[in-house]
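Quick notes on the structure that follows.
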Amino acid sequence: MDSTPHGAAVTAAGFGVKGPRGWAFRDIGITAEPGALIAVQGPSGSGRTCLLLALTGRMKTAEGTAEIGGLPLPKKMAGVRSVTALAHVPGIAELDPALTVGEHLRERALLQGRFGGSLGSLLRPRQERRAAARALVDTALTAAGLDLDALPKGIRTSVRDLERLEALRLSVALALVGRPRLLAVDDTDLKLSDEERAAAWAMLRSLAAAGTTVLAVCSEPPQDTAGVVLVRTGRPERDAADAPADGGHDDEEGAADALAEAGRA
């Protein structure tokens, strides 16, 4: 079986999501080849996470068009979900601090074996299925750069004891077990030091270089933007005289409302 991931091309034009109190984002345009690194930059509340969810088929859109690996949105949302994976998304794809690293990995491998494999793979002897699951997990850990031996208690380390970068690597590794064509990572640089941020971007660049299309939400793009498809969310800054009387929280409220709708997509 070919284990090389094949990234999904991403295109969008006039793309937007609207919540009960306003637009989470709108008029987004993207053109990215398979295996691209796409950085979605914007302040908190500017619709970054909503865009990530919409492009992975997990949130309904209100206007515009998009295609992920040739699958049109919103028409083929289920198909898009089957070729994409989420990592580090608060409230949707996040780590359980009460579990250990090993427990997370075993649970993810079990789910992949039950729901992510073909009928033929399910009929293989148990020993072969276990070996295949271990290989998938090992490959994902290597790609995410998470060294289990370097953790305080190895595979028995609790998630609550992980450093922020280690937790990000684990979340990415769990998503990679399913061999997605597009990996979407939220809050990539949240509370990371400059050194950790550089390491996180290096990891995502390596994943893209290996063939997986990567969509990464961030507050700031990587220092070296060569080869990065940069997408910005949020409105341009306005003069104080143009600001709304309520303090200008329309974008933030719209994003929160739309995010609450994600489970209905």
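The slack in the chain from Ser82 to Ala226, taken as 0.36 nm per residue of separation less the alpha-carbon distance, amounts to 48.9 nm. At the residue level, Arg179 shows approximately 90 square angstrom of accessible surface with a 1.4 angstrom probe and all protein chains present. Across the range 1-83, Cα pairs under 8 Å and at least six residues apart give a relative contact order of 33 percent. Element breakdown for the range 188-239 at a 1.4 angstrom probe: carbon and sulfur atoms account for 47% of the accessible area. Annotation for the range 8-76 versus the range 145-174: alpha-carbon center distance of 30 Å.
With all projection directions averaged, the alpha carbon convex hull of the range 21-86 covers 4.8 nm².
The values are calculated or read from the model by the stated rules, or taken from the named source; none is laboratory data. Quantities reported herein were computed from a predicted structural model and do not represent experimental measurements. Accessible surface areas use protein heavy atoms only, side chains included; no ligands, DNA or RNA. Shrake-Rupley method; radii C 1.70, N 1.55, O 1.52, S 1.80 Å.
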